[in-house]
Every structure is written in structure tokens, then in C-alpha cells.
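The values are calculated or read from the model by the stated rules, or taken from the named source; none is laboratory data. Predicted, not measured: the structure shown is a model, and the values here were computed from it. We place every Cβ from the backbone using ideal geometry, glycine too, and count neighbours over all the protein chains shown.
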């Protein structure tokens, strides 16, 4: 139902506005390649059926949210069935640290005061831990599919220090809350200038 709605809307808007839209259909919480393999097949089946019914040649992409540590260490396998990865660093941080985002607020200040953490890992990416998971997934994903599109979404996508890290790691884009977009754009431009 979601695939059909996405494809129908993209076709309708493309025709009405006379613009080329390439929807990206993202499967969340993938931990094994078989999950994405099965869902990709179903998504393509529904998308192609919808395109045929609407007499369209719409192009679309099917990818996954990389937000489980297992997905990072098996990114080469998962990449076989993905046109793109979007790193869900909020959940990846939660699963890598074993912290609940809701409960962590109760102790994060104590952790910072006692030198356990330098900063809130839900606000700025933990480069030494979670960041290594992202780096591993980028490396493995690109080894398996050199043209795979890589990005990040979530609060880290609006944090300047995290954006700098993601740029160095080789991600193509960041996505964040609307109110953080101006900061993210500036940080992305600065990262591009500083690292060229």
C-alpha cells in the first residue's frame, strides 16, 4: 500500500508539475540481507505494476536505513539489494551504546560531569564508536557497490561537528529537522571547503 501510494503520487506530481521525480523508497530496521531482498522484490513488483497501470516510465530507488549494528558489519551483503543507504544514527547510537534515548537523559549529564562522555551522543556523533560503525558500513557498502548513494538522517544531520565527520567519511547528503537546515547547509559547505 505504501509503495503504491508513493509511486502514484510521484507519477501524478511529475505529470502535473512537469518535473522529474525519483522517489526513494526506504526500508527501515534491516539487519539481514534477506529482509531487504524479500522486501525489495515486493516493492519492485508493486511499483512496476503501478507504473504499468498509469502508463509511466518513472524511475525510483529502493534502499534501506542503516540503523542496526549488524547492518553496519554486513553492509556489503545488504548493499547487493540497496540503491542507497541512509544512516539512522539516532537508533544506531541507541543500539551501539545500549542506551534508551528516553532514559539516557536521566544520566547523561552525570556521565559528562564524570568524564565518561564528552558530549551527548544523541546530539553529536560518537566518532570513536558509532562513527566507526558508520565508517565500516560506508567502506563495505562501497566495496560491494561503488555507486551506492549514502546519507544520514536524524539529529546528527543538523550538528556541525557530525556533518564534518560525515563529509570526511564519504556520505553524500545529510537530512535533519527543518529548523536545523540553515545550520546544516552552512556546516556542509564549510566541511566541503575544509576538506578539499
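Overview of results
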| quantity | calculated |
| --- | --- |
| Filter result (out of contact with any strand residue (DSSP E or B) (no Cβ under 8 Å at 6 or more places or on another chain) and either modelled with pLDDT under 95 or part of a helix (DSSP H, G or I) (or both)) within the range 42-54 | 42, 45, 46, 48, 49, 50, 51, 52, 53 |
| Members of the range 123-137 found to be at pLDDT 95 or above and not in a helix (DSSP H, G or I), listed by number | 124, 125, 126, 127, 128, 129 |
| Any hit, the range 42-62, residues being in contact (Cβ under 8 Å) with a residue 60 or more places away in the chain and surrounded by fewer than 22 Cβ atoms within 10 Å (Cβ to Cβ) | yes |
| In the range 110-139, the residues that are under 18 Å from residue 65 (Cβ atoms) and either surrounded by 19 or more Cβ atoms within 10 Å (Cβ to Cβ) or touching a strand residue (DSSP E or B) at 6+ places or on another chain (Cβ under 7 Å) (or both) | 122, 125, 130, 131, 133, 134, 137, 138 |
| Helices (runs of 4 or more DSSP H) (entirely within the range 55-110) containing at least 2 residues that are farther than 25 Å from residue 145 by Cβ and at pLDDT below 95 | 101-104 |
| Among (1) surrounded by 18 or more Cβ atoms within 10 Å (Cβ to Cβ); (2) farther than 26 Å from residue 169 by Cα, the one test that residue 87 misses | (2) |
| Residue tally, condition within 20 Å of residue 73 (Cβ to Cβ) and in contact with a strand residue (DSSP E or B) (Cβ under 9 Å, 6 or more places away or on another chain), over the range 157-184 | 4 |
| Residue tally, condition without any contact (Cβ under 8 Å) to a residue 60 or more places away in the chain and either in a strand (DSSP E or B) or closer than 14 Å to residue 58 by Cβ (or both), over the range 17-41 | 9 |
| Tally, over the range 1-28, of residues that are surrounded by fewer than 14 Cβ atoms within 10 Å (Cβ to Cβ) and out of contact with any helix residue (DSSP H, G or I) (no Cβ under 7 Å at 6 or more places or on another chain) | 13 |
| Test: residue 150 is assigned to a loop (DSSP other than H, G, I, E, B) and buried (at least 18 other Cβ atoms within 10 Å of the Cβ) | no |
| Residues of the range 153-168 satisfying the condition of being in a helix (DSSP H, G or I) and in contact with a helix residue (DSSP H, G or I) (Cβ under 7 Å, 6 or more places away or on another chain) | 155, 156, 157, 158, 160, 162, 163, 164, 165, 167 |
| Test for residue 67: is it without any contact (Cβ under 8 Å) to a residue 40 or more places away in the chain and under 21 Å from residue 136 (Cα atoms) | yes |
| Single match in 163, 148 (criterion: in contact (Cβ under 8 Å) with a residue 12 or more places away in the chain and over 18 Å from residue 64 (Cα atoms)) | 163 |
